[in-house]
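Q: Input: one structure, supplied below.
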Amino acid sequence: MYGGGNSFEDVYDKELKHEDPEQLAEFEARIERGEKIESTDWMPELYRTQLIRMIEQHAHSEIIGSLPEGTWITRAPGFKRKLALMAKVQDEVGHAQLLYAAAETLGKSREDMITDLINGKSKYSNIFNYPAFTWADSCFISWLVDAGAIVNQIANSKGSYAPYCRALERICAEEAFHLKYGHHCVIHLATGSPVQRQMMQEAVNRWWKPMVHFFGPPDKDSVHTRILMKWKVKMASNDECRNQFFDMYVPKIWELGLEIPDPNLKKDPETGIWNYSDPDWSEFKRVINGDGPCNKERLAVRRIAEERGLWVRQALKSPKATYTTPLA
Amino acid sequence: MESLDPRVGRLGIPENWGTLEPKSNLDQLETFEVFSIMKENKPFTHVGIVHAPDEEMALVFAKEQYGRRDSTLAMCIANSSNVLVSPFTDNNQNLYDFLEPSKALEDSVSEYQVFHLYKRGKQHQHVGEAEGKGYEDALNRAKEQYDGSKPVLNIWLIKSEHLLSTDEEDAQIWATTPEKKFREATDYRAADKIKRFKQEKA
Amino acid sequence: MKNEAIKELLYKMADDQLVLGHRNSEWNGLGPILEEDIAFSSMAQDKIGQSLEFYSILNEMGEKDPDTIAFTRKADKFKCCQYVEHPIGEYDFSLVRHFFFDYADYHRFELLKNSKVERIAMAAKKFQSESKYHIMHANAWMKQLGNSDVSIERMQNCLNEGIALALGIFEPSPMENVLIEEGVFEGEKKLSERWLSSIQSILSKTELSMPDISTAPINGGRQGKHTPHLQPLLDEMSEVFSIDPEAEW
């Protein structure tokens, strides 16, 4: 699961000055033709660093993203839910593995990425810094946070970097299960007993703002990503993804009789653009910079998991072992 | 540390966790490329990598990372450092057309497994074996046998002895995978429930 | 009489799988290596799936539905062995339990494949294919951790401390003789012999030594006597379910 915005630094064309113009032209022509870039191809340094940054954030979002839903893994009600939630949390870990491998092809080892995550040097999707208070929160995440991630991932899967596309192809196929499972859970709560209904409505109330944040700040406030869009690294703008999400899912939420806590949420029939209230972007900035309700816990848990596993990895490590970059 | 997750409560994270030493770089295990066969009469296709301490463990890990859904008939793995990778061509260019006759011949003949990539962004597929006195020679032998109508963009050669494959007896470990419907989207249909809900409300 | 004995067998197998599957799912997202996290979760899912199948057979025999059986009974009605109830501990404890328990499973299914109760024989045949992977996994780990200086001592301690609990897996159930006479199941004694020989054979490929099998087994689970760990586990598992056991979740 992974959100859009705020994953890029300011990127300016002038950073390409030191690149060989001929190689750069060839590289850009290949992308222009719709061909994918493979890991051993020549690529501008900026392409490499921005891709590592993006894929790494995506991978971190998967491994950290397994925690809010993991909150309910031991308490899922009934066999069907228990099995599904186990399989879903497992998939998130699996996605992290696939994405770390894709980033590794660009020259950063998984260990280095995990170290940067734990030491607070890398970011991950903001939404996972919010707590899952009730079972209904986990259902909201399974359905709607995953739905948002799918919008983003499907866009990214048409990007230019072959190993990332291969990973995303597999991931998107698995997300179909997440989406249907999550929807199934929400349907059961929303159409269930008054207690279940209330539980679900409260979860929607809690999660709506982070959900709007999920796609990143509005394009007008976003950083310079023109060149990344040209190189097919960033594939859709934050506003495009958010609007697509509203378009696909707001009616599905409403049809279940759930209220969305934004009186201004409305589609303009002329433009097809959804209007929505300002979701307090200062909170978004505060949380992404470490001051959200669960930032500390998420990183502490990840770090403890790593530390408790340290002896295992040391025992497995043979003195002769050498690390090789994955091939594809 | 108090948490909403009872599991986290049991991890015993100290309240002052922030004072733990920053994590230093740990170990990075070796890398293994994983190939699997998903359908009868289809070739081994590259599915991804696992990090593992050795071949046996790599296969154990690969089985669940790449074979926990749908059907898998067989899997094999090779240490990434044992995969000989050719240069890449652009789409529609055939790498075999650029091969030079091999100069340096080794004394003994080895058997290699040959994998082709037909399109950038797709997966390498197994096409067969080629014997050769070293890598270059084997590539030229592969050209004689496997250069067909489709352009080949990239070739992997792996010495047969460097591939570890599940055997026929192992195949039963995938026997119940297709029955695990709880991992499939199709197991979560609830349109009736929405319909009934809307009718009751109307 | 025969039906009661069969139910007793199904309950203990199902309860074992449910409780251990639940325990092992606690590692999901917190495991030592990503690849292992995935593998261990799959095996936990297998166990939950197996327990569901056994509860379903019980349901066909007139017991309540699987969700009700699993999510509403109190600890003293459970027939699982005490080993599966213990918290996950460090990864060494969880791996050694997996090694001991899943070998018992593998051989149990092997014996049950010949059961005269066809429904059980079929389930056993199916689950043995899952179990085959579980022991492949356990073997690979025991070989790794049983031959590395970093881990030998930890693993040996877990073997030594776990053996009494592991032997409790084979605590005979009150009506076991009926099962043996009726050809339903050949019994815990036969099972434990096969198990022991596998355990010995795997450990002999490592630097680990065989724990003392003359240790008195920790029994009681099969009669509903449990550690203080089980009831809190069940309370946690049913926290949401028990908000409204009649509701569809």
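A short reminder: the numbers here are calculations on the coordinates, not readings from a lab. Predicted model only: the values in this text are computed from it and were never measured. FYI the Cβ positions are ideal-geometry reconstructions off the backbone, even for glycines, and counts take in every protein chain you see.
Q: Taking springs between alpha-carbon atoms closer than 10 angstrom, which of C:Gly187, C:Gly89, C:Gly21 fluctuates most in the Gaussian network model of chain C?
A: Residue with maximal mean-square fluctuation among C:Gly187, C:Gly89, C:Gly21: C:Gly89.
Q: Considering only B:Asn92, B:Asn140, B:Asn41, give the residue with the highest GNM mean-square fluctuation for chain B, with springs between Cα atoms whenever their separation is below 10 Å.
A: Among B:Asn92, B:Asn140, B:Asn41, the largest GNM mean-square fluctuation belongs to B:Asn41.
Q: Still on this structure: Between the alpha-carbon centers of the range C:116-169 and the range C:5-80, tell me the distance in whole angstrom.
A: Rounded to whole Å, the Cα centres lie 17 Å apart.
Q: Shielding by partners for B:43-55, please: the mean number of other protein chain Cβ atoms within 10 Å of each residue's Cβ.
A: 6
Q: Could you list A:Asp280, B:Asp147 in order of exposure, starting from the residue whose Cβ has the fewest other Cβ atoms within 10 Å?
A: Ascending number of Cβ neighbours within 10 Å: A:Asp280, B:Asp147.
Q: Further question: Using 1/(1 + (r/R0)^6) with R0 = 30 angstrom and r between the beta carbons of B:Gln145 and B:Ala171, what's the FRET efficiency to the nearest 0.05?
A: Working from the Cβ atoms, E equals 0.60.
Q: So what's the angle, to the nearest 10 degrees on a 0 to 90 scale, between helix B:191-201 and the longest Cα principal axis of chain B?
A: 30
Q: Kindly provide the pair-distance distribution of the range C:2-243 built from C-alpha pairs, with 5 Å bins from 0 and whole-percent values in order of increasing distance.
A: Spelled out per bin, shortest first, that is 1, 7, 14, 19, 21, 18, 12, 6, 2, 1, 0.
Q: Mind checking the mean number of beta-carbon atoms from other chains within 10 Å of the Cβ atoms in A:168-178?
A: Across the residues of A:168-178, the mean count of other-chain Cβ atoms within 10 Å is 3.
Q: Moving on to the next point. Given the rule -39500 (n - 2.57) for each run of at least 4 DSSP H residues, summed and divided by the residues of chain C, what is its mean residue ellipticity at 222 nm, to the nearest 500 deg cm²/dmol?
A: Calculated from helices alone, the mean residue ellipticity at 222 nm is -21000 deg cm²/dmol.
Q: Let me ask something else. Per-residue HN-Hα couplings for the range B:70-81, Karplus 6.51 cos²θ - 1.76 cosθ + 1.60 at θ = phi - 60°, whole Hz, x for Gly and Pro?
A: Working through the residues one at a time gives 6, 10, 10, 9, 7, 9, 9, 9, 9, 4, 4, 6 Hz.
Q: Please rank B:Ser160, C:Ser148, B:Ser3, A:Ser282, fewest neighbouring Cβ atoms within 10 Å first, as an exposure proxy. Don't skip to the answer; put the middle values down first.
A: Working: B:Ser160 13, C:Ser148 21, B:Ser3 18, A:Ser282 8.
Starting with the residue having the fewest Cβ neighbours, the order is A:Ser282, B:Ser160, B:Ser3, C:Ser148.
Q: Follow-up question, since we're still on this one. What list do you get for B:Met1, A:Met199 if you sort them by fewest beta carbons within 10 Å?
A: Final ranking by Cβ density, sparse to dense: B:Met1, A:Met199.
Q: Sticking with this one: Relative to the first principal axis of the alpha-carbon coordinates of chain C, what is the inclination of helix C:91-112, with its axis defined by its Cα atoms, in degrees from 0 to 90 and to the nearest 10?
A: That helix lies at roughly 50 degrees to the long axis.
Q: Another question about this same structure. Considering amide H positions built from the backbone, and no H for Pro or chain starts, which residues 5 or more places from B:Gly128, or on another chain, come under 5 Å of its amide H?
A: It is B:Val114, by chain and number.
Q: Roughly how tilted is helix C:118-145, in degrees to the nearest 10 and between 0 and 90, from the longest Cα axis of chain C?
A: 20
Q: Per-residue ellipticity at 222 nm for chain A, helices alone: DSSP H runs ≥ 4 residues times -39500 (n - 2.57), over residue total, nearest 500 deg cm²/dmol?
A: Rounded to the nearest 500, the figure is -19500 deg cm²/dmol.
Q: In whole Å, how far is the Cα centre of the range A:256-328 from that of the range A:206-245?
A: Using only Cα atoms to place each centre, the spacing works out to 15 Å.
Q: Picking from A:Pro261, A:Pro279, A:Pro251, which is most flexible by a Gaussian network model of chain A using Cα springs under 10 Å?
A: For chain A, modelled as a Gaussian network with Cα springs under 10 Å, the answer is A:Pro251.
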